[in-house]
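Heads up: the structure comes next, in structure tokens.
The values are calculated or read from the model by the stated rules, or taken from the named source; none is laboratory data. Computed from a predicted structure; not experimentally measured. Here Cβ is always computed from backbone atoms with ideal geometry, including for glycine, and neighbour counts include all displayed protein chains.
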Amino acid sequence: MTGDELISSGQAYLDGYSVNTEIKQVQQRLGYCPQFDALIEQMTVREHLYMFARLRGVEEKEIEDIVDDLIDNLLLKDHEHKQAKDLR
């Protein structure tokens, strides 16, 4: 539905707009984040969590506690200061 792949058959609509013939209107209504480069290699785990919290609109005063909780709950304490490129 994003227009990244050719349509092989059928019809799809988003908010009344045809994916086949009105792709620009469809794309304007989609939130889309390709996953091939979701991490920035030079940023640490902690920095990524801060960035994603800000992108999601989390209030600045809440971010540190939320990030700390995520790091604890996801068992990332040993990795929080590693750069993404070193997580492989």
Give just the number: which of (1) within 17 Å of the chain's Cα centre (by Cα); (2) at pLDDT below 95 does E5 not satisfy?
(1)
Across segment 22-51, the tally of residues that are in contact with a helix residue (DSSP H, G or I) (Cβ under 6 Å, 6 or more places away or on another chain) and charged (D, E, K, R) stands at 1
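Here is a yes/no grid of residues against (1) touching a Gly at 6+ places or on another chain (Cβ under 9 Å); (2) in contact (Cβ under 8 Å) with a residue 12 or more places away in the chain; (3) within 30 Å of R88 (Cα to Cα); (4) basic (K, R):
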{"site": "E5", "(1), (2), (3), (4)": "no, no, yes, no"}
{"site": "Q11", "(1), (2), (3), (4)": "no, no, no, no"}
{"site": "I23", "(1), (2), (3), (4)": "yes, yes, no, no"}
{"site": "Y32", "(1), (2), (3), (4)": "no, yes, yes, no"}
{"site": "Q35", "(1), (2), (3), (4)": "no, no, yes, no"}
Whether any residue in segment 11-33 is at pLDDT 90 or above and under 19 Å from the mean Cα position of the chain (by Cα) is what I want to check.
no
What's the number of the only condition in (1) under 30 Å from H81 (Cβ atoms); (2) touching a helix residue (DSSP H, G or I) at 6+ places or on another chain (Cβ under 9 Å) that Y17 fails to meet?
(1)
